[in-house]
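Where a number appears in this text, it was derived from the coordinates with a stated rule and is not lab data. All figures in this text were calculated on a predicted structure; none of them were measured in a lab. Here the Cβ positions follow ideal geometry from the backbone for every residue, glycine too, while neighbour counts run over all protein chains shown.
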Amino acid sequence: MKHPVTPDGRYFVVRGRLWRMASPDLPEDERASLVKRLMAARRAVRDAKADNDPDAEAAAHRAVDEVKRALGERGPVWWNDGTPDFNRHMAKNTPYADWYGKVLVAGLTGPRRDTPDTHRRSNRAHR
């Protein structure tokens with residue numbers, strides 16, 4: 001199962017945690033440009049860590065935050081109906097709990113993504 005998206009399109013879920021989606025109001029060319037900048041900033045974080053350069057790492061983290069705010073993933077919410085923001089909350093502790101419970105059940109009872117071969121290989125890797 002890919003990361004499920006809440007029915008209202010505001011969040012996707014990774015390991016039970018809600019993460020705010022980018023604003024759907026962004027024009028596609030602007031969103032694409034921001035995503036390109038985000039990937040560059042994330043690479044800069046990786047490189048600064050590899051170089052053990054705390055100043056460069058801090059600057060890169062600020063760049064990531066700036067782009068995520070421009071995308072609408074952080075900072076003020078992009079919706080205007082007064083619904084509170086549940087970004088980074090565990091889905092089970094939010095109004096999305098019932099929905100997420102159904103997603104989990106569907107994912108557990110639905111078809112598996114791995115084949116027996118990949119399952120065996122992944123078990124060998126952990127021995």
Quiz prompt | Sparse-neighbour loop sites [chymotrypsin sites (Phe, Trp or Tyr not before Pro); region 1-99; at most 11 other C-beta within 10 Å; DSSP] | solution = none
Quiz item: So between MET90 and LYS36, what do we pick up on full extension, going 0.36 nm a residue minus the alpha carbon distance?
Solution: 16.6 nm
Quiz item: If you take the beta carbon distance between VAL14 and ARG69 as r and set R0 to 25 Å, what does 1/(1 + (r/R0)^6) give as a FRET efficiency, to the nearest 0.05?
Solution: 0.80
Quiz prompt | Vicinal HN-Hα couplings computed from phi for region 8-19 (Karplus, 6.51 cos²θ - 1.76 cosθ + 1.60; Hz; Gly/Pro x) | solution = 8, x, 8, 9, 10, 10, 10, 6, x, 9, 7, 10
Practice problem: Excluding residues on the same chain fewer than 8 positions from LYS68, give the lysines whose Cα lies under 22 Å from its Cα. | Solution: LYS2, LYS36, LYS49
Quiz prompt | Backbone N within region 60-75 under 14 Å of label point (7 Å from ASP25 Cα along the Cβ vector) | solution = 70-73
Practice problem: Report the normalised scattering of region 8-97 as log10 I(q)/I(0) at q = 0.14, 0.15 Å⁻¹, calculated by the Debye formula with identical scatterers on the alpha carbons. | Solution: -0.59, -0.67
Practice problem: Using only Cα positions of region 26-72, each an equal point scatterer, no hydration layer, compute I(q)/I(0) via Debye at q = 0.14, 0.26 Å⁻¹ and quote the log10 values to two decimals. | Solution: -0.33, -0.82
Quiz item: Given H placed on each backbone N at 1.01 Å, which residues far from SER23 in sequence or on other chains put an amide H within less than 5 Å of it?
Solution: GLY72, GLU73
Quiz item: Fully extended, how many nm does the chain gain between ASN80 and LEU104 (0.36 nm per residue separation, minus their Cα-Cα distance)?
Solution: 5.7 nm
